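Each value in this text was obtained by applying a stated rule to the coordinates, not by laboratory testing. Only a predicted model underlies this, so the values are computations on that prediction, with no experimental measurement involved. Neighbour counts are summed over all protein chains in view; Cβ atoms, including those assigned to glycine, are modelled from backbone coordinates with ideal geometry.
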Amino acid sequence: MDDCIFCKIIKGDIPSVKVYEDADVLAFLDISQATPGHTLLVPKQHVADIFAYDADLANRVFSKVPLIARGIKAAFPEMKGLNICNNNGEVAYQSVFHSHIHFIPRYSQQDDFSIHFGNHTDQYDSEALEAIAGKIRAQLEEN
Ligand code: 5GP
Ligand code: ZN
């Protein structure tokens, strides 16, 4: 992908601050440093988002998540938690369309990173939940 910023980083055409590399993945510091140590893990193969992975690529990429997470935790003993995010699609805040996993170390609830999970429990009864799950199950059974 000639116009992909992460492919350029992987090729070395654009500089990055690397934290881990193997045959399948590169991990480097996110330029925005949402919190100190904010790291991105990317497949070396260009895939736009989670929907483009096959099982083998997913295994080679996502199996590295605990390794990177433990490395960040050990490097920042003051870290209290870690958010791991993978944004897919513009509406889900994806801005670079080369799949990547964010590792965002958390130091306190005032560390300038937040996620809001709306709570709509009272809008769903068991029948409504079963209908939703049934739709998803039907797709998974087809594949
Ligand atoms: P997204 O919004 O797609 O989930 O995340 C893309 C991330 O890539 C952003 O957090 C942004 O700061 C980071 N980013 C964008 N361009 C560059 C770059 O040239 N170098 C680095 N290291 N990070 C980048
Ligand atoms: Zn790419």
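In table form, for the structure just shown:
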quantity	calculated
Estimated inter-spin distance, LYS135 and VAL17, nm [label 7 Å along Cα→Cβ]	4.3
Those Cys residues of the chain for which no other cysteine Cβ falls under 4.7 Å	CYS85
Cα shape, the chain, gyration tensor, a/c 1.5 rule	oblate
30 Å Cα-Cα reach of LYS8 towards lysines, excluding residues that sit fewer than 8 places from it in its own chain	LYS18, LYS44, LYS64, LYS73
Separation in nanometres of the label points that stand 7 Å from Cα toward Cβ, at ILE84 and ALA128	3.2
Taking region 1-93 and dividing mean pair separation by its residue count, relative contact order in percent (alpha carbons under 8 Å, at least six apart)	19
Region 85-143-region 1-75 distance, computed between alpha-carbon centres (Å)	20
Other-chain or far-sequence residues with amide H under 5 Å of LEU82's (modelled H)	ARG106
Exposed-loop-free span, longest in the chain, where chymotrypsin sites (Phe, Trp or Tyr not before Pro) count as exposed if DSSP calls them loop and at most 14 other C-beta atoms lie within 10 Å	1-92
Length added when fully stretched, VAL91-HIS116, from 0.36 nm per residue minus Cα-Cα	7.5 nm
ALA48-TYR107 pseudo-label distance in nm [points 7 Å out on the Cα-to-Cβ vector]	3.7
